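The values are calculated or read from the model by the stated rules, or taken from the named source; none is laboratory data. Keep in mind it's a predicted model, so treat the numbers as computed, not measured. All Cβ positions, even for glycine, are placed from backbone atoms using ideal geometry, and neighbour counts span all protein chains on display.
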Amino acid sequence: MAEPAIPPISPPPLETGEHTALLPGGSGGLPRTLILPSAAWVLYDTANTVYAATLTFLFFPYVGDLFGARSVQGIVMSASMICAGLGVPLFASLADHTGRARMYLIITTLACIGGMACFGLSGDMFLLMAAFFVANLGYNAALTFYNSLLPSVAADKHQGLVSGIGVGLGYIGTIIIVVLLDLPQAIGYDGTFGVAALLLLGLALPAFLLLRERRVQGRQAFSAALVKRQFSSVIATVKGLPRDRAVMFFLLGNFFCVDVLNTAIAFFGDFTKNCFFVLQGDVWVPRAEDVNLLGLAMETPGALLKYAGLTLNVLALVFGVVLGFLTDRLGSLRVLRASAVFLALGLVGAALGGGSNVLLYFVGICGFGGLGLAGIWTAGRKLLIELAPREKVGEYFGLYGITTKLSVIGSAVFGVTVDVVTRASGDDLTGWKAALLLQAVPLMLGLAFLSRVRRPAVANTVAR
């Protein structure tokens, strides 16, 4: 039986805990969707994925090859994300009260672009990690301001559509980076990171020029009092969670599941390359005699990453659409739990196939892994809306945004495990597989918490 229909509501800014101010006219939203600003907002989502894909397919493998250590980059990634998560109340205050969300979007995005452009300029680990920290913090801070601008470009009835188009077109950013995987051989990594930074700037530029804050009527000067009130609101929401046990168990379960997702996405390129190729001198040599899939030869790491990246993203896009439909029909809680199981199967398949069986690896990481990835993101937000009391949806979405940013403990654990097990065993493939399989621990914790979630006897939503 299908779940009760959920009436359309105005989505709150996904990473703030404040109610959106009324727009001019007192309607609570734009009277109509603004075409050019909406297009600029959607295009910025593609810019976001250019950065994320650059980390996955270029930066993490580059740093791993340069220094032979994954623990440092994992720790720095976790640290930058934790800072971003703890800074969400600060960013939310800036977005919700000053009326200058676009200005802060520009500042934080330029910080990301500047750090990204410096990725290939130094062989010093400290400077390289400092550039990465700045870029990643700027990227995640920018998302708060970006999300808060959605009500300023789209009418309430079109916000879901505009957001969905942004997610869909965002995959184009990944495809662009996958296509550029051979570029370092022609212009070096410094030039490649510069090209990626310019791509991000070009795709973000329309948002810089066309977006304008339309939510905030009475603009306030930024002050310590605003930040204190925002932090107090978050603390009060956390303290109240034990009274909403279903939401509490969902947030805990989602935290651990997203932690595995963030780790898998970050290390996907580095893991894939090192599972099937080993560096001997200056040449990457296949570990298996025949690295091919259904007749497609993958004789170089670049070719392997292209096929793996395209397969994962195309499948994730298809799965996202299908699971969105199934979530409405089968229930968001069922889909979320099933997605966590699929992700676990993906980890096992990737570990078993890594190094020897390309087909099993692709079925695991791209098939089951892509299914789990798409399902966790698709079902998670809807489940939160269903579980939270209507008057607290905005508060809980703010906490949801913070917890998803803090879900990065696995990145540090993964990197440290690769280095420690590799040194202990003398085999880097063993280190990679051990790090991957260790991700089953937070995933099982996530499933355990999700198993405690119970839908309220009386739904918080009403039928259409």
Inset, instruction - Scan the stretch 224-244 for residues that are crowded, with 18+ Cβ neighbours inside 10 Å and among the charged types (D, E, K, R) and jot them down. - result: ASP244
Inset, instruction - Can you tell me which residue within the stretch 264-308, out of those that are assigned to a strand (DSSP E or B) and either among the aliphatic types (A, V, I, L, M) or modelled with pLDDT under 70 (or both), is farthest from LEU373 (Cα to Cα)? - result: VAL283
Legend entry - Pairs where the first residue, in the stretch 340-362, is more than 14 Å from ALA308 (Cβ to Cβ) and the second is modelled with pLDDT of 85 or more and among the polar types (S, T, N, Q), C-beta under 7 Å, 6+ apart: LEU347/GLN439
Inset, instruction - Scan the stretch 52-96 for residues that are in contact (Cβ under 8 Å) with a residue 60 or more places away in the chain, surrounded by fewer than 21 Cβ atoms within 10 Å (Cβ to Cβ) and either under 24 Å from PHE208 (Cβ atoms) or basic (Lys, Arg) (or both) and jot them down. - result: ALA52, LEU90
Legend entry - Selection count, the stretch 372-382, where residues are at pLDDT 75 or above and under 25 Å from GLN230 (Cα atoms): 2
Inset, instruction - Filter the stretch 405-456 down to residues that are of a type in the set (Gly, Ala, Ser) and outside any helix (DSSP H, G or I) and give me whichever is surrounded by the most Cβ atoms within 10 Å (Cβ to Cβ). - result: SER407
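Give the stretch 319-356 a look and list any residue that's assigned to a helix (DSSP H, G or I), hydroxyl-bearing (Ser, Thr, Tyr) and farther than 20 Å from ARG454 by Cβ, or say none. Talk me through it step by step, then tell me what you get.
Within the stretch 319-356, the subset assigned to a helix (DSSP H, G or I) is 319-330, 332-353.
Then drop every residue that is not hydroxyl-bearing (Ser, Thr, Tyr), which leaves 327, 332, 339.
Listed by number, the list is empty, since nothing qualifies.
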Inset, instruction - Scan the stretch 278-290 and give yes if some residue there is in contact (Cβ under 8 Å) with a residue 40 or more places away in the chain, of a type outside the set (Phe, Trp, Tyr) and more than 25 Å from ARG70 (Cα to Cα), otherwise no. - result: no
Legend entry - All positions within the stretch 97-131 that are free of Cβ contacts under 8 Å to residues at least 60 places away in the same chain and β-branched (Val, Ile, Thr): ILE107, THR108
